[in-house]
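The values are calculated or read from the model by the stated rules, or taken from the named source; none is laboratory data. Fair warning: this is a prediction, and the values are worked out from it, not measured in the lab. Cβ sites come from the backbone with ideal geometry, for glycine too, and all protein chains shown count toward neighbours. Protein only, heavy atoms only, side chains kept; ligands, DNA and RNA dropped before computing areas. Shrake-Rupley method; radii C 1.70, N 1.55, O 1.52, S 1.80 Å.
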Amino acid sequence: MRTADLLLYARVHRTTAILIGVSAVAVLSALFGGTRIPLPSFGSAGTTEGIPYRQELPLMSAVFLTAVFGGAMAAHEEAAASRAHRVAVAHLVLLSLTACALSFATESLAMGLDAGLVYVRSLLVWLGLALLSVRLFGPQHGWILPLASAFPLVWFGPNRWNWTESSAADGLGWTIAAASLAVGSTAVAATRWRIRAAGRGGLRAWSRRPPVRPS
């Protein structure tokens, strides 16, 4: 894979706009992330509680990253050769790492290293869900599953599995992030063209198997 291929791919897949959006969200979190989202209290009528905005802002960054799958040629790119797929994967990985680095640096300067790691972990969890959403609902709908997952986090508050509130050292949160990325990456790689090609290849391989001779 040549660097020129990667640069050309980045140029036509909204890379600059995505990084600007991710950076804007990170700065917004650093400046106003402590502001709490008002929510009705389940305890007593007439009172409200809330959660800091910074717990939910990584969701926006994750959805921004899936914008690379949009565009007029999205359907044709699914059937591209393996070399083009390698360029696309490398671009998404580099773009995601850059987004994580920008978010971590900004959040760490504002709130400390622990907060920076939690922010990055949340971004990775929602990125995996956004990738899965792209495969299930289309390249313009990477927001559906991340947004759906945010509702139980907001309304049910602190829980063992709430990756937005647990500490950076919490192993379960990082396990959720790894599982989400694995599922999302697999879903994106499993294009309809690849599934059909794998099916045809499997059938051909099975038809060419030599008969089993009785012993």
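Every condition in (1) more than 20 Å from residue 172 (Cβ to Cβ); (2) touching a residue at least 12 places away in the same chain (Cβ under 8 Å) is met by residue 144 except one, and the failing one is (2). For the stretch 152-164, state whether one or more residues are open to solvent by less than 40 Å² (accessible area, probe 1.4 Å), among the small types (Gly, Ala, Ser) and not in a helix (DSSP H, G or I). Yes, there is a match, as at least one residue in the stretch 152-164 is open to solvent by less than 40 Å² (accessible area, probe 1.4 Å), among the small types (Gly, Ala, Ser) and not in a helix (DSSP H, G or I). How many of the residues in the stretch 100-132 are out of contact with any helix residue (DSSP H, G or I) (no Cβ under 6 Å at 6 or more places or on another chain), part of a helix (DSSP H, G or I) and either among the basic types (Lys, Arg) or surrounded by fewer than 21 Cβ atoms within 10 Å (Cβ to Cβ) (or both)? The qualifying residues number 7.
Among the residues of the stretch 165-192, the one identified as assigned to a helix (DSSP H, G or I) and of a type in the set (D, E, K, R) is 192. The selection criterion, being modelled with pLDDT under 95 and of a type outside the set (Asp, Glu), does not hold for residue 101. Within the stretch 10-37, the set of residues being touching a helix residue (DSSP H, G or I) at 6+ places or on another chain (Cβ under 7 Å), closer than 16 Å to residue 96 by Cα and in a helix (DSSP H, G or I) comprises 10, 15, 18, 19, 21, 22, 23, 25, 26.
Inside the stretch 133-146, residues that are assigned to a loop (DSSP other than H, G, I, E, B) and crowded, with 24+ Cβ neighbours inside 10 Å make up a count of 1.
Scoring residue 146 on the criteria (1) more than 18 Å from the chain's Cα centre (by Cα); (2) under 18 Å from residue 69 (Cα atoms); (3) at pLDDT 90 or above leaves a single failure, condition (1). Of the residues making up the stretch 166-187, just one is farther than 21 Å from residue 93 by Cβ and open to solvent by 70 Å² or more (accessible area, probe 1.4 Å), namely 169.
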